[in-house]
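Asker: Quick one: structure below, then a few questions.
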Amino acid sequence: MKIYAWSADESGCGYYRCALPMAELARRGHETAAGTRMPEDWMASADVIVGQRVCMPGPSSTWQRLAAEGRTLVYEIDDDLFQVDARSNPVGHRAFGAPAMRRRLRDNIAAATRVTVTTVPLARLLREHHPDVRVVPNMVPAALLDWERPRRGRVTVGWAGSATHEMDLAEVAAPLRQFAARAPQADFHLMGADYRGMLRLPAGRVRQSGWNGSVEEYHRQVDFDVGLAPLRPHVFNQAKSPIRILELSALGIPVVASDYGPYAESVQHGVTGFLCRRPHEWVKALTELARDEGMRAEMGEAGRKWAATRTIEGNGHMWEKALT
């Protein structure tokens with residue numbers, strides 16, 4: 001089949017939900033392409049068009065026209081855009097909270113042939129707007145399991161993400177400062193958004209690196225010995241994907257995560273990392289991992305084995321079934 005994935009961006013969402021699936025489907029014999037702009041020839045000839053969170057006025061008009069023509073359209077969405085948090089993501093809240101934006105979201109979802117989402121909780125929410133919602137979880141390329149991450153001379157505790165996670169990192173700001181005092185052998189690396197001011201960690205022990213040109217380049221620069229995955233209990237976060245856990249696990253990095261939502265279901269406590277609810281649990285888990293290289297290696301390897309069951313090569317049939 002001929003399938004085009006019309007992605008909303010070229011960052012993580014566009015990579016995991018459009019570019020990577022299209023590459024795998026091409027490997028399976030389909031004719032595919034992906035991009036933020038849909039060429040006229042693909043628009044005219046594609047058997048299936050995947051539209052990633054189509055909601056702006058121009059793209060919405062195109063989407064509705066294609067629907068009126070009877071084309072096979074799959075609406076792809078990986079977040080609950082009806083519940084964007086105002087404090088952590090004020091720009092997104094203003095945009096997706098606008099009545100016209102919400103109307104276009106609902107109309108474009110309803111016009112699709114079917115909808116694909118990342119998680120079961122998100123599917124439950126979207127079934128209020130469409131009867132045919134398919135869950136296709138995020139997957140990683142198998143090659144990620146073999147990448148040797150860069151190593152530093154000191155234990156590195158790391159986090160990576162966009163400037164939409166203030167409420168999540170606020171969950172661990174105080175515990176991180178307590179951990180820093182207990183573990184002078186540990187440094188911190190923040191990738192993407194710069195939360196150094198909010199976290200107030202020892203300045204000489206924190207590195208911050210900006211955005212990378214691609215997801216692959218980001219993966220190559222992850223040098224964490226321990227990965228942080230805080231997630232505040234919030235209606236928006238209930239529907240999120242555990243892609244952060246999956247990436248870190250594939251790279252052999254033990255995870256210290258919030259015992260909540262998708263993270264609670266993806267981290268095997270005491271095996272691939274630690275799940276935490278209270279501040280002192282974060283401090284204890286991080287301190288144990290910082291002090292015990294053998295524990296880090298054992299948990300990292302267990303996480304890598306779990307991630308090996310979540311590769312696009314081994315699970316691409318889920319995309320094939322949902323789209324074709």
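The values are calculated or read from the model by the stated rules, or taken from the named source; none is laboratory data. If you're wondering where the values come from, they're calculated on a predicted model, not measured in any experiment. Because the Cβ atoms are built from the backbone with ideal geometry, glycine has one as well, and the counts that use them run over all protein chains shown. With ligands, DNA and RNA removed, areas are computed over all heavy atoms of the protein, side chains included. Shrake-Rupley method; radii C 1.70, N 1.55, O 1.52, S 1.80 Å.
Asker: Output the qualifying pairs, or none if there are none: Cβ atoms under 9 angstrom, residues six or more apart or on different chains, first residue in segment 1-26 and in contact (Cβ under 8 Å) with a residue 40 or more places away in the chain, second residue surrounded by fewer than 19 Cβ atoms within 10 Å (Cβ to Cβ) and among the basic types (Lys, Arg).
Answerer: Hits for this filter: Trp6/Arg37.
Asker: Hey, does segment 69-81 have a residue that's in a helix (DSSP H, G or I) and either crowded, with 20+ Cβ neighbours inside 10 Å or in contact with a strand residue (DSSP E or B) (Cβ under 9 Å, 6 or more places away or on another chain) (or both)?
Answerer: No, segment 69-81 has no match at all.
Asker: For segment 1-41, name all the residues that are assigned to a loop (DSSP other than H, G, I, E, B) and surrounded by 23 or more Cβ atoms within 10 Å (Cβ to Cβ).
Answerer: Ser7
Asker: Something else about it: Taking into account only those residues within segment 155-172 that are among the small types (Gly, Ala, Ser) and either over 11 Å from Ala193 (Cα atoms) or assigned to a loop (DSSP other than H, G, I, E, B) (or both), which is modelled with the highest pLDDT?
Answerer: Checking each candidate, the answer is Gly158.
Asker: Listed residues Pro262, Pro279; which is touching a residue at least 12 places away in the same chain (Cβ under 8 Å) and farther than 26 Å from Trp147 by Cα?
Answerer: The conditions single out Pro279.
Asker: Here are some residues: Arg177, Arg182, Arg205, Arg200. Which one is in contact (Cβ under 8 Å) with a residue 40 or more places away in the chain, out of contact with any Gly (no Cβ under 6 Å at 6 or more places or on another chain) and open to solvent by 30 Å² or more (accessible area, probe 1.4 Å)?
Answerer: Arg182
Asker: Answer yes if at least one residue in segment 54-77 is modelled with pLDDT of 95 or more, charged (D, E, K, R) and either under 19 Å from the mean Cα position of the chain (by Cα) or under 24 Å from Asn138 (Cβ atoms) (or both), and no otherwise.
Answerer: Yes, that holds for at least one residue.
Asker: Right, next: If you check every pair at least six apart or on different chains, which have Cβ atoms under 8 Å apart with a residue in segment 60-75 that is farther than 15 Å from Leu105 by Cα first and a residue that is at pLDDT 95 or above and in a strand (DSSP E or B) second?
Answerer: Pairs found: Leu66/Ile49; Leu66/Leu73; Arg71/Ile49; Thr72/Val48; Thr72/Ile49.
Asker: Output yes when any residue across segment 240-249 is in a loop (DSSP other than H, G, I, E, B) and open to solvent by less than 20 Å² (accessible area, probe 1.4 Å), and no when none is.
Answerer: Looking for residues that are in a loop (DSSP other than H, G, I, E, B) and open to solvent by less than 20 Å² (accessible area, probe 1.4 Å), one finds at least one in segment 240-249, hence yes.
Asker: Also: Which of the residues that make up segment 307-318 are out of contact with any strand residue (DSSP E or B) (no Cβ under 8 Å at 6 or more places or on another chain) and under 26 Å from Ala112 (Cβ atoms)?
Answerer: Matches in segment 307-318: Asn315, Gly316, His317, Met318.
Asker: Considering every residue within segment 51-64, establish whether at least one is open to solvent by less than 50 Å² (accessible area, probe 1.4 Å), part of a helix (DSSP H, G or I) and β-branched (Val, Ile, Thr).
Answerer: Yes: segment 51-64 contains one or more residues that are open to solvent by less than 50 Å² (accessible area, probe 1.4 Å), part of a helix (DSSP H, G or I) and β-branched (Val, Ile, Thr).
Asker: Which of (1) surrounded by fewer than 19 Cβ atoms within 10 Å (Cβ to Cβ); (2) in contact (Cβ under 8 Å) with a residue 60 or more places away in the chain is the odd one out, the single condition Gly210 does not satisfy?
Answerer: Result: Gly210 fails condition (2) only.
Asker: Of the residues Ala143, Ala110, Ala100, only one is under 18 Å from Ala322 (Cα atoms) and open to solvent by 30 Å² or more (accessible area, probe 1.4 Å); which?
Answerer: The conditions single out Ala110.
Asker: Picking from Val235, Val256, which residue would you name as being surrounded by fewer than 21 Cβ atoms within 10 Å (Cβ to Cβ) and over 15 Å from the mean Cα position of the chain (by Cα)?
Answerer: From the options Val235, Val256, the qualifying one is Val235.
Asker: Let me ask another. Say we look at segment 259-275 and pick out the residues that are touching a strand residue (DSSP E or B) at 6+ places or on another chain (Cβ under 6 Å) and part of a loop (DSSP other than H, G, I, E, B); which of these is surrounded by the most Cβ atoms within 10 Å (Cβ to Cβ)?
Answerer: Val267
Asker: While we're on this one: Can you name the residue in segment 82-97 that is small (Gly, Ala, Ser) and in contact with a helix residue (DSSP H, G or I) (Cβ under 7 Å, 6 or more places away or on another chain) and is also surrounded by the fewest Cβ atoms within 10 Å (Cβ to Cβ) among such residues?
Answerer: Ala86
Asker: Then there is this: Mind listing whichever residues of segment 297-314 are under 18 Å from Glu247 (Cβ atoms) and either outside any helix (DSSP H, G or I) or open to solvent by 30 Å² or more (accessible area, probe 1.4 Å) (or both)?
Answerer: Hits for segment 297-314 are Glu301, Arg304, Lys305, Trp306, Ala308, Thr309, Arg310, Thr311, Glu313, Gly314.
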